[in-house]
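A short reminder: the numbers here are calculations on the coordinates, not readings from a lab. Here the structure is a predicted model, which is why all the values come from computation and not from measurement. Please note: Cβ atoms are built from the backbone with ideal geometry, for glycine as well, and neighbour counts cover all protein chains shown.
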Amino acid sequence: MNETALTVHQTARPHGFPTAEHFAFVESTLPDPAPGSALVENLYWSVDPYHREMMDDVPGGFALDAPLEGRTIGRVIASRTPRLAEGEIVFHRRGWRTHAVVTPEEMRQLPRFDAVPLTAYLSTLGGTGLTAYVGLTRIARLQEGEDLFVSAAAGGVGTATGRFAKLLGAGRLVGSVGSAEKVRHLTREVGYDAAFDYHDGPAADLLGKAAPGGIDVFVDNVGGEQLAAAVGALREFGRIVRVGTISQYNTPDATSPRFDYADIVEKSIRMEGFLVSNYRDLQEELYEFAVPHIQSGRLAPDETVVDGFDGIVDAFLGMLHGENTGKIIVRARAQAPTRTGGRTSVS
Ligand SMILES: NC(=O)c1ccc[n+]([C@@H]2O[C@H](COP(=O)([O-])OP(=O)(O)OC[C@H]3O[C@@H](n4cnc5c(N)ncnc54)[C@H](OP(=O)(O)O)[C@@H]3O)[C@@H](O)[C@H]2O)c1
């Protein structure tokens, strides 16, 4: 067992893109679990766009010079509660650190499905997949044959949205991404019918070419100019699923998108945002939907896995700059590889 623990702190508030200078790795001795708790050695960490929002001085945001929160999977290595056995694999939110002391109330035991890798509980079967599932089934209320446009389509939510949408019987799938390589990945690997690089021109022109017949649903991870373009491309009774606004997280002075408000009325468009934290009750439904498809090989989890806890800050910063394909996950270095379909490994 490692005798020291490493914890990431945020040390300053960024304006614009954060850098490694806004974080510090802090070393300490291994914490002792108090009675009723257990010591968990973390194995996999999720870094997410919402962490960037929490870096700002906002209610509920990260405190400076203190441990951060984040979704994590770990193994119990010492227990002082009969409810957590040593060796047990658990999910909890005390991320950004190699070790955490957790109580049974602060963690969730993960179901173990045959042929489902642990990383899937942070990607397709985790908050990322749940976001995609809620967006399609509860917010868009997707009907068979409907055509979709998805922004940030090669990321965690975007790839899960594309794969789930096809399984749910969607029609044509169009995605927007930040590079030509991601355009190829979407159409060759993920099952999108068309894709474009949003750097290549005005979003309205690019979307018009990729979806000349229009769209029924827009799953929006980005906001900004692409949201305005989608309003123009939506058909009658179209839906906009507002998932996130990553185009603004690092550009707080960006202006809001301009679109024709009359379109919303004349095309009977519905725009609805949501937070996945309000839909946790759908977790079992997501397992029922997705697990058989993972087991049959029809649903490959898209993941970029970064090896080593010391890479967690760079993984987070890289994700903000679009370096990931699929869900970005950090893996403790000693981990044996797990089986995950369309995964890229970087170190
Ligand atoms: N509502 C909820 O409860 C909920 C839950 C989870 C996630 N979200 C939101 O969903 C979105 C996607 O999250 P994720 O975890 O799946 O992250 P992700 O898409 O895996 O990673 C972020 C991606 O955003 C893209 N990006 C960065 N800056 C951009 C910009 N200025 N314009 C367009 N694209 C940009 C990058 O891809 P490119 O290379 O394509 O630029 C990057 O790979 C985020 O907005 C997040 O906040 C919301």
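Taking amide H atoms as placed 1.01 Å from N in the peptide plane, the amide H of E69 has no partner under 5 Å among residues 5 or more positions away or on other chains. For segment 162-198, the set of chymotrypsin sites (Phe, Trp or Tyr not before Pro) satisfying both a DSSP loop assignment and a count of at most 12 other C-beta atoms within 10 Å is empty. With a Förster radius of 25 Å applied to the beta-carbon distance between T81 and Q295, the computed FRET efficiency rounds to 0.15.
Legend: Rg and Dmax of segment 127-277, from Cα coordinates, 13.8, 40 Å. For the chain, relative contact order (Cα pairs under 8 Å, six or more residues apart, normalised by length) works out to 17 percent.
Taking the helices alone, the chain has a mean residue ellipticity at 222 nm of -6500 deg cm²/dmol, built from -39,500 (n - 2.57) per DSSP H run of at least 4 residues and averaged over all its residues.
A simple spin-label model places the labels of S256 and T4 4.9 nm from each other, with each point 7 Å out along Cα-to-Cβ. Segment 101-145 has equivalent-ellipsoid semi-axes of 27, 15, 8 Å, by the square roots of 5 times the alpha carbon gyration tensor eigenvalues, sorted largest first. The mean sequence distance of close C-alpha pairs (under 8 Å, at least 6 residues apart), as a share of the length of segment 127-277, puts its relative contact order at 22 percent. Three semi-axes describe the equivalent ellipsoid of the chain; taken as square roots of 5 times the Cα gyration tensor eigenvalues and ordered largest first, they are 36, 22, 18 Å.
In segment 80-119, which GluC sites (Glu not before Pro) fall in coil by DSSP and have 14 or fewer other Cβ atoms within 10 Å? Filter output for segment 80-119: E86. The phi torsions of segment 310-318, fed into the Karplus equation with coefficients 6.51, -1.76 and 1.60 and a -60° offset, translate into couplings of 5, x, 5, 5, 5, 4, 5, 5, x Hz, rounded to whole numbers, with Gly and Pro shown as x.
Annotation: for a label point projected 7 angstrom from Cα along Cα→Cβ of E69, residues of segment 77-116 with backbone N closer than 11 Å are 93-95. Taking amide H atoms as placed 1.01 Å from N in the peptide plane, the amide H of L30 lies under 5 Å from those of A5, each 5 or more residues away in sequence or on another chain. A straight chain from A34 to D114 at 0.36 nm per residue would run longer than the Cα-Cα distance by 25.4 nm.
Take the Cα of E27, step 7 Å toward its Cβ, do the same at A180, and the gap between the two points is 4.6 nm. Among DSSP beta bridges lying fully in the chain, give the percent that are antiparallel, nearest 5. Around 50 percent of the beta bridges assigned by DSSP in the chain are antiparallel ones. Spin-label model, Y50 to H15: label points 7 Å out along the Cα-to-beta-carbon direction sit 2.8 nm apart. Karplus-derived 3J(HN,Hα) values for segment 254-261, using 6.51 cos²θ - 1.76 cosθ + 1.60 with θ = phi - 60°, are 4, 7, 6, x, 9, 9, 7, 4 Hz; glycine and proline are entered as x. Here the translational diffusion coefficient of segment 104-215 follows from Stokes-Einstein with Rh set to the Kirkwood radius across Cα pairs; for 20 °C and 1.002 mPa s it amounts to 143 µm²/s.
In order along segment 27-39, the phi-based Karplus estimate (6.51 cos²θ - 1.76 cosθ + 1.60, θ = phi - 60°) of 3J(HN,Hα) comes to 9, 8, 6, 4, x, 8, x, 6, x, x, 10, 9, 9 Hz; Gly and Pro are listed as x.
In loop segments of segment 104-163 as defined by DSSP, the trypsin sites (Lys or Arg not before Pro) with at most 11 further C-beta atoms inside 10 Å of their C-beta are R112.
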